[in-house]
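Where a number appears in this text, it was derived from the coordinates with a stated rule and is not lab data. Note that this is a predicted model, so its numbers are computed, not measured. Here the Cβ positions follow ideal geometry from the backbone for every residue, glycine too, while neighbour counts run over all protein chains shown.
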Amino acid sequence: MGARLGETASELAGLLWREHTVYRERTGGVVIRGEHVQRWISLAPSGGRDEVLVRAGRILDGGTTAPARSEALVCLSAGTGELAAVCRRLLSETAATPMAPHGHGQRGPRRRTPRGRTATRSRHTGLASWAVVVVVVAIVGLYSAFYGRFFL
């Protein structure tokens, strides 16, 4: 099954994308990466004798893969054309689902306010932090003023 899966993946990669990378996973499956479209397809043997689990997902900015967004079971005896059609459907489902924001343009983590609106936490120092700084400086000043006379 492993050799047949590798051959099928190579044929499938040529049908899906002009630019692609095919590699074998440790679990015995095969992954096809399309870096130019930021998508991946995984073919893994399933419990059935002639079935393969096809999963599709996105490639993130750093080159890591996001978890699969859609998957389907396909019979390998149906042929590469049928497998390519299923992969295209899964890839279109993956493209249709909105991506989670990567933090571009955000200043800090988002939190919920009591009224249900979202607010961003600023990186600027808050009033409580300034109060702590003032108290620490005052303690250091009093300590040096009081004990400074005895050490001179």
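Label-to-label distance, THR21 versus LEU127, with points set 7 angstrom from Cα along the beta-carbon direction: 5.2 nm. In this label model, GLU71 and ALA145 are separated by 6.9 nm, measuring between points 7 Å along each Cα→Cβ vector. Full extension of the chain between ARG49 and ALA138 yields a length gain of 24.4 nm, computed as 0.36 nm times the residue separation minus the alpha carbon distance.
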